[in-house]
Amino acid sequence: MCRMSRAAACLVLAAVFFLTACAASQAEYYVGFSLSSLYVGGEAVSARERAAASSAIADLLHEIESQIGADREDSDVARINAADAGERIAVGEHTYAILTLCKELFEETGGAFSPALYNLSELWGFTPDFEGQYSVPRAEPPADQIAAAVALSDFDDIILHEDGTVSKRQAGVRIDLGGVAKGYMSDAAAQLLAERFGDSVDAILSVMSNSVLMGHKRGSNASLGYTATIENPRAVVTAGSGASQGLFVIGLSDAAVSTSADTYRSYVYDGRIYSHIIDPATGKPSANGVISIMVTVPRTASNAGARADAYSTAGFCMPLTDALAFYASLAEERGIGAVVITADWSYYVVGDCTALNRTEYAALVSPDTVIEDIFERAEIADARDEVVVDAREEEYIRFVAERSGE
Ligand code: ADP
Ligand code: MG
């Protein structure tokens, strides 16, 4: 799942300081999280209490990970993946809860979000076995291998039974909860904090690029609300032009935030980017011209963190105009916000979301700083499914190819 080497998360939250409680010392666990800006009833919580809460969260996340980690030999997911057709696998409460939610998300996204893609992720070299090699250039797998993996990648082949067991229609189907697990974990950790400190807790709880912003922003810049910084997915080629960050979403409160991008787990081959998000319809890495998506989900929605995580992944697996329409419908139904950045270095803002470019944000927080904008805001009505890769994106692709020795 989420290894510490990927701690360069896609989302960095403005906070006074971070207390990072990572599980690096416990070698068998990979998940990292941070708990910061922790207030109860408007008062900052003591370092001792915060450390105790962090420790309880670490235990909870380890328990979840031990159930759902696809690469952990004895996990529920590993046992489901190894099972024969029809075999009933008894699973833990977290596995069952995530799979139940995944059924809903699979329907809601028209199958774009699918947790049954482990065979395809493995074929394309993005499973944890390939850790350290994700950026190595490689040719596409042969079409017959892709077709064979697609035939074993249907989430409808996973059956949840009322007695808490799980079975499969075909033995070869394998699941991977990587597109929703960290969001689910962020929800679970937020719930733990709410149980421990009560309703008046304000805090930022992040599991890699998935955060739950509990309550309201306290401390510095509180009037802006919580700010989610969307990392610039092209920072390696724009580093000279001021701060590396891309966009800023301000005014957030009591919301979950998730970002997916093609930056870290991806490679360049033959002039194009292949990323770890697989389009279930084609069996290939997503190719809709999207390079980063951030989604915010109000915590009034159930499983807000898991939803934000799944929604931010799903938008990579639909034509751009469909993805924008999907987010617009979720904005209406659930009050979500979305910021979609595309390969022509444009960004689209959907729903309840105040997304600012760097110049606008700097004007609010440090008026003397002069910085260039990197992405240009585009109108949703002007979006086209054919995203034109422009010269700056081509430069980025060349840079990544040269860096990885293609
Ligand atoms: P990250 O894990 O880097 O935060 P995402 O939340 O976008 O990124 O999840 C991507 C991961 O989800 C992949 O690495 C893979 O494990 C899994 N995955 C890939 N494609 C899909 C998809 N179409 N639907 C659901 N999960 C996916
Ligand atoms: Mg996701």
What's the local net charge at residue 224, with K and R +1, D and E -1, over the other residues with C-beta under 13 Å away?
+1
Mean-square fluctuation maximum in Gaussian network of the chain, Cα pairs under 10 Å, restricted to 396, 274, 134, hits 396
Highest GNM mean-square fluctuation, the chain, Cα pairs closer than 10 Å: which of 162, 104, 394?
162
Computed FRET value (nearest 0.05) for residue 56 with residue 391, which takes r as the C-beta separation and R₀ as 56 Å
0.65
To the nearest 500 deg cm²/dmol, what mean residue ellipticity at 222 nm is calculated for the chain from DSSP H runs of n ≥ 4 alone, each contributing -39,500 (n - 2.57), summed and divided by the residues?
-9500 deg cm²/dmol
Check which residues have an amide H placed less than 5 Å from residue 227's amide H, if you skip close sequence neighbours.
14
Pairwise FRET efficiency - residue 272 versus residue 402, Cβ, R0 = 22 Å, nearest 0.05
0.90
Can you sort 278, 89, 374 so the residue with the fewest Cβ neighbours within 10 Å comes first?
89, 374, 278
Hey, what's the per residue convex hull volume over the C-alpha atoms of segment 86-159, in cubic angstrom?
127
Once phi for every residue in segment 129-144 is put through the Karplus expression 6.51 cos²θ - 1.76 cosθ + 1.60 (θ = phi - 60°), the whole-Hz ³J(HN,Hα) values, with Gly and Pro written as x, are 4, 9, 3, x, 10, 4, 8, 6, x, 8, 6, 5, x, x, 4, 5
Report the net charge of residues surrounding residue 351, where surrounding means a beta-carbon distance below 14 angstrom and charges are Lys +1, Arg +1, Asp -1, Glu -1.
-1
Treat each spin label as a single point 7 Å out from the Cα along the C-beta direction, and report the residue 222 to residue 145 distance in nm.
5.7
How many nm separate the modelled label positions at residue 130 and residue 235, each set 7 Å beyond the Cα in the direction of the Cβ?
2.4
Looking at segment 166-299, what % of the alpha carbon pairs are farther apart than 25 Å?
42
Given the options 218, 79, 272, which has the most mean-square fluctuation in a GNM of the chain, springs set between C-alpha atoms less than 10 angstrom apart?
272
Provide the net charge surrounding residue 341, with neighbours chosen by a C-beta distance below 14 Å and charges set as Lys +1, Arg +1, Asp -1, Glu -1.
-3
Which distance in nm do the two modelled labels at residue 90 and residue 382 give, with both placed 7 Å along the Cα-to-Cβ direction?
6.0
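The numbers here are math on the coordinates, done by the rules we state, and not lab data. Bear in mind that the values here come from a model prediction, so they are computed numbers and not experimental data. Neighbour counts run over all protein chains shown; Cβ positions are idealised from the backbone, glycine included.
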